[in-house]
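First up is the structure itself, then whatever we jot down about it.
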Amino acid sequence: IAFEYVSQIAVQIIEDQRIGASYIEKSTRYVNFGNKIKNHYLYSDVPEISKSKFKNEFKKWNEFAFDAYNKHLVTATNYFSKKYPIESFVDEKLKRAHLRALRAKAFDTIRTFLPTTVITNLGAHYSGQAAENTINKLLSSPFAEARLLGKMAYEELFKISPNFLQNINFRHG
């Protein structure tokens, strides 16, 4: 299953089970998460909050966290460039590799600025039992995003292999 544009909160619920499942996730270590799409940072507008009296404060804190992330990405990159300089006589391939390594070190250092609402993509490969377990867990979550993901995953997997999903929406499931 590919879960796209989901919050870290949902990712943690999905990845809570390791037996019978394997995951690959867009990495905060190697990818810049500080971009905006349509003037909006990549964070989830959690329905429980965005429909409450705290929506403005929620937006303010997310914007603040992403602004800090972007500011300190530059700071960290500059710091690591000075700490780990590369000789000018090194060829271009090594210079590009060095720059990628510096950026990865900077991303790894500053990813603590990212809020749990940051949006990511996650691929999950399941055994039948693990898929059932994860979908049941998502459907029973107190978070609306997780329940929606559970419903969507169930609908898509049911099209392919309904027999593997016998214990979902079942009185003993």
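Brief remarks follow.
- Its DSSP H runs of at least 4 residues, each contributing -39,500 (n - 2.57), put the calculated 222 nm mean residue ellipticity of the chain at -16500 deg cm²/dmol, to the nearest 500.
- A value for Rg and Dmax of the Cα atoms in Å was derived from the coordinates, and within the list (i) 17.3, 52; (ii) 16.7, 52; (iii) 20.1, 70 it appears as (iii).
- For PHE3, the solvent-accessible surface computed with a 1.4 Å probe is close to 10 Å², ligands and nucleic acids excluded.
- Residue order for ARG29, ARG100 - accessible surface, 1.4 angstrom probe, largest first: ARG100, ARG29
- Set LYS38/LYS159; LYS38/LYS60; LYS26/LYS71; LYS26/LYS159; LYS36/LYS82 screened for pairs whose C-alpha atoms are more than 25 Å apart: LYS38/LYS159; LYS26/LYS159; LYS36/LYS82
- Between PHE143 and LYS93, the modelled label-to-label distance comes to 4.3 nm, taking each label 7 Å out from Cα in the direction of the beta carbon.
- In this structure the amide hydrogen of TYR43, modeled in the peptide plane, comes within under 5 Å of the amide hydrogens of ILE119, none closer than 5 places in sequence on its chain.
- Spin-label proximity, LYS55 to region 22-46 - amide N less than 17 Å from point 7 Å beyond Cα toward beta carbon: 40-41, 43-46
- Nearest-ten-degree value, helix 128-139 long axis tilted from longest Cα axis of the chain: 90 degrees
- Considering only LYS51, LYS38, LYS95, the mean-square fluctuation computed in a Gaussian network model of the chain, springs between alpha carbons under 10 angstrom, is largest for LYS38.
- Per residue accessible area in Å² of region 43-173, where ligands, DNA and RNA are left out and the probe is 1.4 Å: 66 Å²
- Expressed as a whole percent, the accessible surface of region 37-173 that belongs to carbon and sulfur atoms is 59, based on a 1.4 Å probe.
The values are calculated or read from the model by the stated rules, or taken from the named source; none is laboratory data. Computed from a prediction, not measured in an experiment: that's the story for all the values here. Glycine also receives a Cβ, built like all others from the backbone with ideal geometry; neighbour counts cover every protein chain displayed. Areas reflect the complete protein model, heavy atoms only, side chains present, ligands, DNA and RNA absent. Shrake-Rupley method; radii C 1.70, N 1.55, O 1.52, S 1.80 Å.
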